[in-house]
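Comments concern the structure below.
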Amino acid sequence: MKPAERQTRSSLMDLFQQQGLHPRHDLGQNFLIDLNLIDYILAQAELDRDDVVLEVGAGTGGLTTGLGHSAGAVVSIEVDHRVFPLAQQATSHLSNVTLINCDALKNKNHFAPQVLEALQKELAVSPNRRLKLVANLPYCIGTPVMSNLLASEFPLAGMVVTIQWELAERIRARPDSGHYGALSAWIQSQCHVKVLRKLPPTVFWPRPGVDSAILKVVPSAELRQRIRDRAFFHDFLRQLFTQRRKSLRNVLAGMYRDHFTKTAIDEVLKSIDLAEGTRAEMLDCDALVKLAETVQQQIAPRQDATGG
């Protein structure tokens, strides 16, 4: 990026003062002010002209300009109408940047239609184009943005994001640990996950009250191919882990009371070598994929027969 495009703590404070603005804590506005870290994020994203980048949380455009110089196209979302003109001004010389002033999410399970339309338009430019999420994600929407993107049919090539440290720990958690849950299994079952850096509050303005992380997530075609029906698997995990400390036998009996007796569930568990007292939090991704596949195969004939 050109020196004039670099946004430091002092330049941001001056900019906000000139506009009579204050960062909004309710929107998770903590701007990354360490220029070396911005360069590091851009390098880790490994962008080229075949990449369409989704950035959620454009802020004042500090990262957006760097994305625009490296990627084929950038779709950047900013919900705050007060700072949106600042991002527009910062990226006005970049014709490949599309800025949208809206909430990135329609609801917790779906992106806003205008976001989807913008991404589809840019990806349709060439069959070689692929999607990457590169963003300083507002803490309040980190989970649904990453989870929903992985659930989509977009040609997702990777994510490099700054997120709350606790969320990074949840995403990379191993079975039978306190942080392991549906999100851990959902992402790890399809991707390679690596925490690149732990970030102290001092690299942001204003300073958040917690540590953050730069996380890199790379989807694996081999892992994703094991999951025949990702929509089913996603819902299966969310239901299964709502009672993570109960036995699988009891949880599955509640989830599929119209399809299985407990005896039938015992047979399902036995068929994939899972003991009756096994809990969801004990299963690694391979076991969860196998369990979901086995359950879906068993209930599909019953659904077809009943019209469900």
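The values are calculated or read from the model by the stated rules, or taken from the named source; none is laboratory data. Just so we're clear, the structure is a prediction, and the values are computed from it rather than from any experiment. All Cβ positions, even for glycine, are placed from backbone atoms using ideal geometry, and neighbour counts span all protein chains on display.
If you scan the stretch 101-141, which residues turn out to be assigned to a helix (DSSP H, G or I) and either aliphatic (A, V, I, L, M) or modelled with pLDDT of 95 or more (or both)? Result: P113, Q114, V115, L116, E117, A118, L119, Q120, K121, E122, L123, I141.
The selection criterion, being hydroxyl-bearing (S, T, Y), in contact with a Leu (Cβ under 6 Å, 6 or more places away or on another chain) and modelled with pLDDT of 95 or more, holds for S76.
Annotation: R170 fulfils all but one of (1) crowded, with 18+ Cβ neighbours inside 10 Å; (2) part of a helix (DSSP H, G or I); (3) out of contact with any His (no Cβ under 6 Å at 6 or more places or on another chain); (4) of a type in the set (K, R); the unmet one is (3).
From the set of residues in the stretch 252-296 that are hydroxyl-bearing (S, T, Y) and within 30 Å of E222 (Cα to Cα), which is nearest to the chain's Cα centre (by Cα)?
Taking the stretch 252-296 and keeping what is hydroxyl-bearing (S, T, Y), we get 256, 261, 263, 271, 278, 294.
Imposing the further condition that a residue be within 30 Å of E222 (Cα to Cα) reduces the set to 256, 271, 278, 294.
Working: Y256: 29, S271: 33, T278: 29, T294: 27 Å.
Here the residue is T294.
Look at I33 and say whether it is under 23 Å from P201 (Cα atoms) and crowded, with 17+ Cβ neighbours inside 10 Å. Yes. Restricting attention to the stretch 27-36, the residues that are part of a loop (DSSP other than H, G, I, E, B) and either farther than 17 Å from T64 by Cβ or in contact with a Pro (Cβ under 9 Å, 6 or more places away or on another chain) (or both) add up to 3.
Select from the stretch 6-26 the residues that are part of a helix (DSSP H, G or I) and surrounded by fewer than 18 Cβ atoms within 10 Å (Cβ to Cβ) and list them in ascending order. Matches in the stretch 6-26: R9, S10, S11, M13, D14, L15, Q17, Q18, Q19, H25, D26.
Here S212 does not fit the description of being farther than 18 Å from Q164 by Cα and not assigned by TED's automatic domain parsing to the domain that holds L291. Filtering the stretch 178-230 to residues that are acidic (D, E) and out of contact with any Pro (no Cβ under 7 Å at 6 or more places or on another chain) leaves E222, D229. Scanning the stretch 219-241 finds one or more residues that are assigned to a strand (DSSP E or B), in contact with a helix residue (DSSP H, G or I) (Cβ under 9 Å, 6 or more places away or on another chain) and surrounded by 13 or more Cβ atoms within 10 Å (Cβ to Cβ). Against the definition (over 30 Å from the mean Cα position of the chain (by Cα), within 24 Å of G178 (Cβ to Cβ) and surrounded by 15 or more Cβ atoms within 10 Å (Cβ to Cβ)), how does R249 come out, yes or no? So R249 fits the description; yes.
Every listed requirement among (1) at pLDDT 95 or above; (2) surrounded by fewer than 15 Cβ atoms within 10 Å (Cβ to Cβ) is met by T263 save one, (1).
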